[in-house]
Amino acid sequence: MTITQELESQPDISKDVIFPSSDLWSDEPPLESDLHLRQIILLLQSLEWLWQDRNDFYAAGNLTIYYSPYQKKSEYFRGPDLFVVLGTERKARKSWVVWEEYGKYPNVILEILSESTVKTDKGLKKEIYQDTFRTPNYFWFDPYTLEFAGFNLVDAKYQPLQANEQGYLWSEQLGLYLGIHQQLLRLFTADGQLVSIPEEAAAQAQEAAAQAQEKVERLAAKLRELNIDPDTI
């Protein structure tokens, strides 16, 4: 039983109770598959690694956004698969409560499509993100069929983003491309470089160190062939 279901089952608690600050927990259902979870974690890790020195954003996955104009927990809430809010404090949150965040809505939203959510993601949610959230960039991605699309808010209406030669879509809000790499949706820099996750960055650093050591050893061997002691150089 979720927290919301547990509370609503108690007759002495009104459905319209206004919770104190920070007491609205996320109330999202489980993800469709481990691939959906892996995809969300991959994007979050890469963005947070790239922006590790920044403290002016919040990124989360499968977390409830509460946006009731009456500050009621029982109405107007959605749970994007992944969203990014810019110009806010980078800290842990139980959920994103718009009226506690100075009215801020996400700058970027991504939905991971599935058979049970595809109609909602392409219909109702798209409409809400366009008309209510006014989220500038909206994307969706199917990890099985690899369907990928993105939209930019222009004059209060979503307009489809056009892919570049690599098939990547540009997010003005992130200053990054999103594109498919090895069957997964990844982030890319403006010059097309893949944004790494920490494990990839560590592996790349190890490889670079090994290559540098190999180069040093080849040079030392060459010097010894010339009867030159490498330690004297």
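Length gained on full extension, A92 to Y76: 3.5 nm, using 0.36 nm per residue less the C-alpha separation. Neighbours of L176, meaning other residues whose beta-carbon lies under 15 angstrom from its beta-carbon, give a summed charge of -1 when Lys and Arg score +1 and Asp and Glu score -1. Going from the residue with the fewest nearby Cβ atoms within 10 Å to the one with the most, L50, L169 rank L50, L169. Per-residue Cβ neighbour counts within 10 Å put L35, L124 in the sequence L124, L35, beginning with the fewest. Once the Cα-Cα distance is subtracted from the 0.36 nm per residue extended length, the W49 to Q130 segment shows a gain of 26.3 nm. Taking a sphere under 14 Å around the Cβ of R54 and counting the other residues whose Cβ falls inside, with K and R at +1 and D and E at -1, yields a net charge of -2.
Per-residue Cβ neighbour counts within 10 Å put Y58, Y105, Y138 in the sequence Y105, Y58, Y138, beginning with the fewest. The alpha-carbon of K122 sits under 18 angstrom from the alpha-carbons of these lysines, leaving out residues fewer than 8 places away in its chain: K157. A DSSP coil position with no more than 12 other Cβ atoms inside 10 Å describes the following trypsin sites (Lys or Arg not before Pro) in the range 90-128: K91.
Readers should treat all values here as calculations from the given coordinates under stated rules, not as data from a laboratory. Please read all numbers here as calculations on a predicted model, not as lab measurements. Heads up, the Cβs are rebuilt from the backbone with ideal geometry, glycines too, and the neighbour counts pull from every protein chain shown.
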